[in-house]
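The values are calculated or read from the model by the stated rules, or taken from the named source; none is laboratory data. Just so it is clear, the model here is predicted, and its values are computed rather than measured. Neighbour counts run over all protein chains shown; Cβ positions are idealised from the backbone, glycine included.
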Amino acid sequence: IVDIKGGPDEGLNRLDETLVVRGWVRTLRAQSSITFIEVNDGSCLSNMQCVMSSDAEGYDQIESGLILTGASVWIQGVLVKSQGSKQKVELKVEKLVLVGTSDPSFPIQKKRVSREFLRTKAHLRPRTNTFGAVARVRNALAYATHKFFQENGFVWVSSPIITASDCEGAGEQFCVTTLIPSSRETTDSPVAAIPRTEYGSVDWSQDFFGKPAFLTVSGQLNGETYATALSDVYTFGPTFRAENSNTSRHLAEFWMIEPELAFADLNDDMACATAYLQYVVQYILENCKEDMDFFNTWIEKGILSRLSDVVAKSFVQLTYTDAVDLLLKANKKFEFPVKWGCDLQSEHERYITEQAFGGCPVIIRDYPKEIKAFYMRENDDEKTVAAMDMLVPRVGELIGGSQREERLEYLEKRLDDLKLNKESYWWYLDLRRYGSVPHAGFGLGFERLVQFATGIDNIRDAIPFPRAPGSAEF
Ligand code: 4AD
Ligand code: MG
């Protein structure tokens, strides 16, 4: 006897076999002589309809009213063609065992509950159709990510989670310390968050790391060290940002995929980003059909055709300067006025992808150097850097990347101009001293990819346990 997993079509090949389903009761309907129990084990979206007559073993459990929504069960039966139109097969129950009862207070009953409510029940929400489907598609995207890079000769590198450097230079890091400054001795937590303004007054020699250490905002700088030794590499791990943005596309803890290509320029980088996105989208369209149909019906109508276009069409590319021109000429009043040199806001990004280019991913390149990080390679115009952002409809910025400054003297000057502490980047500068090569890479926010691929509109529903300002439960 084997477990049946893997969707309704799978079942048609297994008719007349005696099978076991182990899972959680979604609903139970008792009619005069037969009872229908919908069981889901999370392997696919569809429930197994288990049809039980009063002579089956374990029927007393039904009679005593113990099988409630949320309970876990073990059911053995014969797989038969279903009489109903909703499913192709059903299990004719021979034996039912109640594994774990469920209290009537189980909060996820059949009626549809809002996603806001489910965020307060993050421990139980994977038992819903939507969160089950998101979890499976997220898993498929992670698998496809490794598959894409491995098939293309990239080596996966683990970048550290605790680091002393601030890759983006934006000061949005969570500090990790074992020190409790004297002004805060009352804090009972051994890990006290010390405001950046108080770093100077702290005796760091007493700290575990001997200096301020942080949760990483990006694995890029570490990725570069391996790219300049192993050639193409990628990282895929959690990253953290203490930006106080309560939006539907920002998390305090998110996963980032960061490939780094050696002997490569910005064009190679954009080509890699495009091929990667097309590959993973194609992968879920082929391998997650049932879940993707569910999203198309219930979450975002038309998502299947939108994603098919991503695979089939080439992406628009334009320079930042052209993007600003386009926004200036747009027949639309923006909340944040546009001028050359400004950072593009999400309203601008959405206009560009959703209206100007009709729902297609757009890559914007060559941004003003003032609004970009220190490591980006300066262009010949001395005003812009070889940076690129990939924007997609609904989500906005999905990818941020650049060609890196491989010339030692340019990089040192840039650190000086930005008043960054050159000494603390000594190892990063060494990469430019010993066999420097042109190289480029990008970072893709994995939860934004999940949003884009499922149509889920809030990023807090694209990760199992979201971390955002004021929310670190579960
Ligand atoms: O554009 P960002 O800040 O780029 C970097 O960190 C580079 N070091 C990447 C690289 O070149 N290796 O971040 C990259 C991507 C963004 O495009 C966005 O998708 C995602 O990370 N991201 C976030 N996702 C969720 N919540 C946040 N707070 C995010 N901040 C950035
Ligand atoms: Mg960015």
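Observations, loosely collected:
- Scope the range 47-65; condition under 38 Å from the mean Cα position of the chain (by Cα) and either surrounded by fewer than 20 Cβ atoms within 10 Å (Cβ to Cβ) or within 16 Å of K95 (Cα to Cα) (or both); matching residues: M48, Q49, C50
- Filtering the range 20-39 to residues that are within 12 Å of I75 (Cα to Cα), crowded, with 20+ Cβ neighbours inside 10 Å and not charged (D, E, K, R) leaves V21, G23, W24, V25, I37, V39.
- Total residues in the range 441-474, condition more than 16 Å from ligand 2 (Cβ to nearest atom), farther than 19 Å from R350 by Cβ and of a type in the set (G, A, S): 4
- Candidates in the range 332-363 are the residues that are under 23 Å from the mean Cα position of the chain (by Cα) and of a type in the set (D, E, K, R); of these, the one that is nearest to M270 (Cα to Cα) is E349.
- Some residue of the range 214-235 being away from ligand 2 (no atom under 16 Å from the Cβ), without any contact (Cβ under 8 Å) to a residue 40 or more places away in the chain and assigned to a helix (DSSP H, G or I): yes
- In the range 281-304, the residue that is nearest to A133 (Cα to Cα) out of those that are in contact (Cβ under 8 Å) with a residue 24 or more places away in the chain and not in a helix (DSSP H, G or I) is C288.
To keep it simple, each residue is scored yes or no on (1) free of Cβ contacts under 8 Å to residues at least 24 places away in the same chain; (2) aliphatic (A, V, I, L, M); (3) crowded, with 20+ Cβ neighbours inside 10 Å.
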site: L79; (1), (2), (3): no, yes, yes
site: S82; (1), (2), (3): no, no, no
site: E94; (1), (2), (3): no, no, no
site: F117; (1), (2), (3): yes, no, no
site: V134; (1), (2), (3): no, yes, yes
site: N139; (1), (2), (3): yes, no, no
site: F148; (1), (2), (3): no, no, yes
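- Total residues in the range 69-88, condition at pLDDT below 95 and under 34 Å from the mean Cα position of the chain (by Cα): 3
- The range 93-135, residues that are modelled with pLDDT of 95 or more, basic (K, R) and either more than 28 Å from the chain's Cα centre (by Cα) or closer than 25 Å to E63 by Cβ (or both): K95
- Which listed residue is of a type outside the set (V, I, T) and crowded, with 24+ Cβ neighbours inside 10 Å, from F442, F357: F442
Listed here are the residues, each with its yes/no results for (1) modelled with pLDDT of 95 or more; (2) within 16 Å of ligand 2 (Cβ to nearest atom); (3) touching a helix residue (DSSP H, G or I) at 6+ places or on another chain (Cβ under 6 Å); (4) of a type in the set (F, W, Y).
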{"site": "I399", "(1), (2), (3), (4)": "yes, yes, yes, no"}
{"site": "R407", "(1), (2), (3), (4)": "yes, no, no, no"}
{"site": "E423", "(1), (2), (3), (4)": "no, no, no, no"}
{"site": "W427", "(1), (2), (3), (4)": "yes, no, no, yes"}
{"site": "L431", "(1), (2), (3), (4)": "yes, no, yes, no"}
{"site": "Y434", "(1), (2), (3), (4)": "yes, no, no, yes"}
{"site": "H439", "(1), (2), (3), (4)": "yes, no, yes, no"}
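- Among the residues making up the range 119-132, a single one is free of Cβ contacts under 8 Å to residues at least 40 places away in the same chain and buried (at least 20 other Cβ atoms within 10 Å of the Cβ): R125.
- Any hit, the range 253-264, residues being under 23 Å from L431 (Cα atoms), not basic (K, R) and not in a strand (DSSP E or B): yes
Here's the yes/no breakdown for (1) of a type in the set (D, E, K, R); (2) farther than 14 Å from V395 by Cα; (3) surrounded by 16 or more Cβ atoms within 10 Å (Cβ to Cβ):
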residue: F315; (1), (2), (3): no, yes, yes
residue: L318; (1), (2), (3): no, yes, yes
residue: L326; (1), (2), (3): no, yes, yes
residue: K329; (1), (2), (3): yes, yes, no
residue: K339; (1), (2), (3): yes, yes, no
residue: T353; (1), (2), (3): no, no, yes
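- Failed item in (1) modelled with pLDDT of 95 or more; (2) more than 14 Å from ligand 2 (Cβ to nearest atom), with P368 passing the rest: (2)
- Here the condition is being within 9 Å of ligand 1 (Cβ to nearest atom) and of a type in the set (S, T, N, Q); of S201, S245, S205, it holds for S245 alone.
- Only one entry of R404, R394 meets the criterion of being among the charged types (D, E, K, R), within 28 Å of L344 (Cβ to Cβ) and surrounded by 24 or more Cβ atoms within 10 Å (Cβ to Cβ), and that entry is R404.
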